[in-house]
Each structure stands twice: as structure tokens, then as C-alpha cells.
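Right, one structure below, let's go through it.
Values in this text are rule-based calculations from the coordinates and carry no lab data. Fair warning: this is a prediction, and the values are worked out from it, not measured in the lab. Virtual Cβ from ideal backbone geometry, glycine too; neighbours counted across all protein chains shown.
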Amino acid sequence: MSYTQDAFEVVSKRNAGEQEFLQAVKEVLDSLEPVVEKHPEYQEARILERITEPERQIMFRVPWQNDKGEVQINRGFRFEFNSALGPYKGGLRFHPSVNQSILKFLGFEQIFKNSLTTLPMGGGKGGSDFDPKGKSDTEVMRFCQSFMTELQRHIGANTDVPAGDIGVGGREIGYMFGQYKRLRNEFVGVLTGKALNWGGSLIRPEATGYGSVYFAEQMLKTRGETFEGKTCTISGSGNVAQYTIEKITELGGTCVSLSDSGGTIHDADGIDAEKLAWVMDLKNVRRGRIKEYADNFKATYLEGQRPWGIACDCAFPSATQNEIDGDDAKALLENGCYVVSEGANMPSSPEAVDLFVDKKILYGPGKAANAGGVATSGLEMSQNSMMMSWTREEVDSKLQGIMTSIHDAAAAAADEYGQPGNYVMGANIAGFVKVADSMLDQGLV
Ligand code: NDP
Ligand code: 2IT
């Protein structure tokens, strides 16, 4: 058995039943087969067994009271996965589905994503099974304060710097930052995704969506193409989906779908800037359901469905993990889709990934395509420690430079290992090597 297969067996036994985590680990280890063959020093130092085991895992009780005064209990987590390149860095997810397997897959992916950004950030992820849907602002605030009351003892600007993810946006970051500051009596860059008035970075809200479009732009460029005239489908309707649509539209493409956990809207006329502003108000202020879009504009509502049956050139999965299964991938390919850029983390199932790679479409895996969010978080950290702030244009141009360099690094690694155009293999290898070499440098820790 090869070293990668051996290591996967160890991880499978140790993490039995953690389906999402094992899915993410398997994909990375499969890509690394030729790398560990070429570099026996990784096996000698047991790098694969070490990199798949979080440096530290924290689990805690989060008690809070709802508006009726009733006591509620949630579970809080932080997985501090790898600090070879810098302080642990990665988002917090608040969603009822959150469990150890999901946060470990996200934390594991984050190690390689952060490495690809070229910025000094380790990998981590956390969150809670708290469901912000249907909660009042005061309930969300009480939850965030209780969550941070415990988390604050584990994090810090030079230790672990959380940010947003599903269910955690500007409102939640604000409440958590306030509580951290109150308990620690220090105003530091301990969270990213802060508002502009108190240390946030311009372009951070836009960065994940813009970055995923910039990544697709680089992939299209390898075929001498642009977004001009392209039809694009997008899933989700949150932070990532919204700014994906904004940038595609600006670059001349037409976005025809949005979704949430209730269903999909299909607007063949395109979601223009005016309709997008309406969606932003619906989702970020009124916190309503995407179905209302179909009631308000001339669009079809596909109840309980995902957007992958809609014909498109480019697809931007921007909701959640495993939202494209094998059948969805077949439908996309049959309808002529040849660009997939993942705004979400691990949105394609292993069957879907295999199909995209086999058919040699332009497929940008999440750890490369959605790295613009955490990269801009890294820029926010730099601005905080220098106590200054860059302009919108400066941050956007750094973001574009980083997305181009991630694209080029993944493409070069794929070329080097004889799989040109395979961004899955390229991103896994390019992300891994830097972390593995740094772990070797730092000894057995
Ligand atoms: P938001 O909470 O802003 O939006 C999430 C969207 O996805 C909502 O439309 C939500 O619908 C939908 N969604 C979530 N879970 C499910 C589900 N189980 N089934 C169907 N739809 C679902 O989150 P973000 O936009 O920030 O995150 C979207 C994705 O992008 C996630 O995979 C996240 O990990 C990834 N990502 C985010 C980054 C960031 O900076 N925010 C950075 C890199 C990646 P509903 O409201 O009905 O739940
Ligand atoms: O998955 C991700 O990269 C994020 N949710 C953003 C993490 C961050 O620290 O900005």
C-alpha cells in the first residue's frame, strides 16, 4: 500500500463516521500520491498523519436566553488545525447542521487555502449549531456574547483570528468583537470582517465572490475567453452569491439564478444591478426567503430544487458542501456548462469532481477559487497591525493579484506533475508543499 493509502486508513479509523472530513482528506491525499513518492522525507516525518490531526480542538457549552426568557443551550467549537504558516485563521459557521465532521473538513481545507494565498496564515475553523434564522437581533446578540465569553480565552490577534462563514456576517462579527473587547480590554484585530468604522477592510464583504469570479476569469483566459456574453448560474443568495453576481454582471456576463434552502429562482432576463440591490435588502436587512424574488419579478421559482438543471456556460456554487451531486454534474455538462468556480467550500461531491476533471472543463476547486475571502482577511490583519487602511482600489488590486497568483501556482503544479489543467491536483499540491516544508523546518511539534 502506498503512504497516502496507509495514512488515509489511519485517518479513517481515527475519525470513523466523519463523512465530510474524510471526503476532504481523501481528495487531498489522492492528489499527493506523486508528491510523497518524490519526497520520502514527508513519510519519515509522518507529515500526512500530523497534518490530518488538528493541533487543538475546543468544544464548549453556549447557554443563552431567548426573548421569552427561556434558557437555550448550543454547542460551540473551534478547531485549531495547523499553525505552521501563521496564526490559525478561518471562519465561524452558525447553522443547525454544524458538527465536528463539518468543521473539521472546513478547517482542513483552510490549511491549504490559506497557504495558497501566500499570506502568513495557519488554518482553523469554528462555529456552532445555533440557527440564526428567525431569531431577533437581541437573541443573536445574546448568543454571540455567550459564545465569545468562552471563545475569547482561546483566540487572539497573534494566536487565532476567526471571521465569518454561513450564518455569520457583519452583525454577528460586531457583537462578538464587542464582547471580546469588553472581556479582554484590548482593541486588536482578533476578528476579520469587521465594519469599516472599527478596523474593517474595504472589499472584505465583496472579496469571496469577487475572488471566485477573478479565478474563473483567469481560467477563461487560458482559452482566450472572457465573461462577455456568458450565461451563469449561481447557488445560494448570501454573501458569496451576492458579490459573485455583482462582479460577473460588471464583466459582461448574465446571471440567471439564485437559491436558498427553500428552492431556486430562475430569471432568464438576468439579475441586473437593480434586482441585485433588491436581493441584498431581502437577504441582509429583511432576512426573507428567495421565493419572494419570483413573486416580485418575472421569474420562475423551482421549489426544493438546486439550480444545476438550468442551462449555462459557467456555474458558481456558492451555498454549501455537497450541493452538486453526480447527477447534477451530469446535467450541467449535458447542458453545455464548461466552467465551474467554487465560491462554497467542497460544494461538489466526489462523483461530481471526477466528472469535471475527466471532462477537462475549467474547474476551480473551492480551496483555490474562494480563497479571496480569507486573503482579504489577511489584508485586514495587516492593516490592523499597521494601524492604517488601504483604499478600495488598493485592496481590490491586491485581491486580483492574489487570485492570479493562486491560479498560476495551481496550474504550474498541475503541469509539473503531468496533469495540465487539473486545478484540483494543482491546488492540493501547491497548498500542501509549503505547509509540509514549514512543518519539517519547525521540528516534531
Ligand atoms: P451566507 O450565510 O451569507 O449564505 C449562505 C447561503 O447558502 C444562503 O443562501 C443559504 O440559504 C444557503 N445555504 C446554506 N446552507 C444550505 C443548505 N444546507 N442547503 C441549501 N442552501 C444552503 O454564507 P456565505 O455566503 O458566507 O457562505 C456560502 C458558502 O461560501 C459556504 O460554503 C462558505 O463556507 C463559503 N465561503 C464563504 C466565505 C466568506 O468569506 N463568507 C469565504 C470562503 C468560502 P438559507 O438562508 O436558506 O440557509
Ligand atoms: O471559508 C473561508 O475561507 C471563510 N469562511 C473565510 C475565512 C476568513 O478568515 O476570512
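With contacts taken as Cα pairs under 8 Å at a separation of at least 6 residues, region 239-302 carries a relative contact order of 33 percent.
The Cα-based radius of gyration of region 80-182, divided by its Kirkwood radius, gives an Rg/Rh of 0.97. Please work out the C-alpha center-to-center distance from region 163-192 to region 105-151 and express it in whole Å. Here the two parts' Cα centres lie 10 Å apart.
By the Cα gyration tensor, region 185-224 has an equivalent ellipsoid whose semi-axes, rounded to whole angstrom, run 33, 9, 6 from largest to smallest. With one equal scatterer per alpha carbon and no solvent term, the Debye-computed log10 I(q)/I(0) for the chain at 0.06, 0.09, 0.11 1/Å reads -0.23, -0.54, -0.82. Among Leu119, Leu282, Leu183, the residue with the largest mean-square fluctuation in a Gaussian network model of the chain, with springs joining Cα atoms closer than 10 Å, is Leu183. Region 214-328 has equivalent-ellipsoid semi-axes of 22, 16, 13 Å, by the square roots of 5 times the alpha carbon gyration tensor eigenvalues, sorted largest first. Close amide H partners of Gly124, meaning residues 5 or more places away or on another chain with modelled amide H under 5 Å apart, are Phe81, Lys89, Gly90.
Convex hull volume of the Cα atoms of region 54-105, normalised per residue: 89 Å³.
When Rg and the Kirkwood Rh are both derived from Cα coordinates, the Rg/Rh ratio for region 1-70 amounts to 1.25.
Volume per residue for region 362-445 equals 112 cubic angstrom (convex hull of Cα atoms). Rounded to the nearest whole angstrom, the semi-axes of the ellipsoid equivalent to region 249-303, taken from the Cα gyration tensor as √(5λ), stand at 17, 14, 9, largest first. Normalising the average separation of contacting C-alpha pairs (under 8 angstrom, six or more residues apart) by the number of residues puts the relative contact order of the chain at 15 percent.
When you count the other C-beta atoms within 10 angstrom of each residue and take the mean per peptide, 307-318, 149-160 line up highest first as 307-318, 149-160.
Per residue, the Cα convex hull of region 293-344 amounts to 93 Å³.
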